[in-house]
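First the structure, in the form of structure tokens, and then the observations on it.
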Amino acid sequence: MQQEILDTTMASAGAKATYTGAGTVTAGWLLSSEAAVLYGIVIGLAGWVVQLIFSFRKERREAAARRDAEAAHKADMRERELRIALLETGRLTRTGDEA
């Protein structure tokens with residue numbers, strides 16, 4: 001849970017840095033300041049990279065959670081099918097005792 005909060009926070013911070021960089025580029029262009037434009041580009045790219053990294057980590061973690069949930073569901077379904085088969089053959093009673 002802590003990792004999810006960190007990844008979400010960092011992705012959000014990266015997005016904000018991207019917008020800050022874009023604003024700095026615009027202000028630098030309006031003020032004809034080459035240094036401000038350069039700093040804005042660097043800040044924007046850094047924010048974009050941070051956002052990509054943490055968004056990728058979040059997606060990877062969510063995909064692993066989906067795979068785990070799917071595997072658990074398949075295991076549950078196999079167990080249910082086995083119990084039904086055992087009930088139908090009379091090798092398992094409704095109380096769970098084997099015959």
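Could you tell me which of the residues Ala17, Ala13, Ala22, Ala46 is part of a helix (DSSP H, G or I) and free of Cβ contacts under 8 Å to residues at least 24 places away in the same chain? Break it down into steps so the answer makes sense when it comes.
Numbers: Ala17 fails: free of Cβ contacts under 8 Å to residues at least 24 places away in the same chain; Ala13 fails: free of Cβ contacts under 8 Å to residues at least 24 places away in the same chain; Ala46 fails: free of Cβ contacts under 8 Å to residues at least 24 places away in the same chain.
Of the residues listed, the single one that is part of a helix (DSSP H, G or I) and free of Cβ contacts under 8 Å to residues at least 24 places away in the same chain is Ala22.
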Checklist line | Scope segment 74-99; condition among the aliphatic types (A, V, I, L, M) and modelled with pLDDT of 85 or more; matching residues | finding: Ala75, Met77, Leu82, Ile84, Ala85, Leu86, Leu87
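For (1) assigned to a helix (DSSP H, G or I); (2) under 31 Å from the mean Cα position of the chain (by Cα); (3) among the aliphatic types (A, V, I, L, M), each residue gets a yes or a no:
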site: Val37; (1), (2), (3): yes, no, yes
site: Ile41; (1), (2), (3): yes, yes, yes
site: Gln51; (1), (2), (3): yes, yes, no
site: Phe54; (1), (2), (3): yes, yes, no
site: Ala63; (1), (2), (3): yes, yes, yes
site: Ala69; (1), (2), (3): yes, yes, yes
site: Arg78; (1), (2), (3): yes, yes, no
site: Leu86; (1), (2), (3): yes, no, yes
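Return the residues of segment 25-35 that are part of a helix (DSSP H, G or I) and either exposed (fewer than 15 other Cβ atoms within 10 Å of the Cβ) or without any contact (Cβ under 8 Å) to a residue 12 or more places away in the chain (or both); say none if nothing qualifies. Talk me through it step by step, then tell me what you get.
We begin by selecting, within segment 25-35, every residue part of a helix (DSSP H, G or I); these are 25-30, 34-35.
Those that are part of a helix (DSSP H, G or I) and either exposed (fewer than 15 other Cβ atoms within 10 Å of the Cβ) or without any contact (Cβ under 8 Å) to a residue 12 or more places away in the chain (or both): Thr26, Ala27, Trp29, Leu30, Glu34, Ala35.
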Checklist line | Among the candidates Leu38, Leu87, residue that is farther than 30 Å from Asp7 by Cα and of a type outside the set (Ser, Thr, Tyr) | finding: Leu87
Notebook entry, point to check: Does any residue in segment 55-72 that is surrounded by 10 or more Cβ atoms within 10 Å (Cβ to Cβ) come within less than 9 Å, Cβ to Cβ, of a residue that is assigned to a helix (DSSP H, G or I) and among the small types (Gly, Ala, Ser) six or more places away or on a different chain, and which pairs are these?
Noted result: Ser55/Ala11; Ser55/Gly14; Arg57/Ala11; Lys58/Ala11
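The values are calculated or read from the model by the stated rules, or taken from the named source; none is laboratory data. Model, not experiment: these values are computed from the prediction. Every residue, glycine as well, gets a Cβ built from its backbone with ideal geometry; the counts of neighbours run over all protein chains shown.
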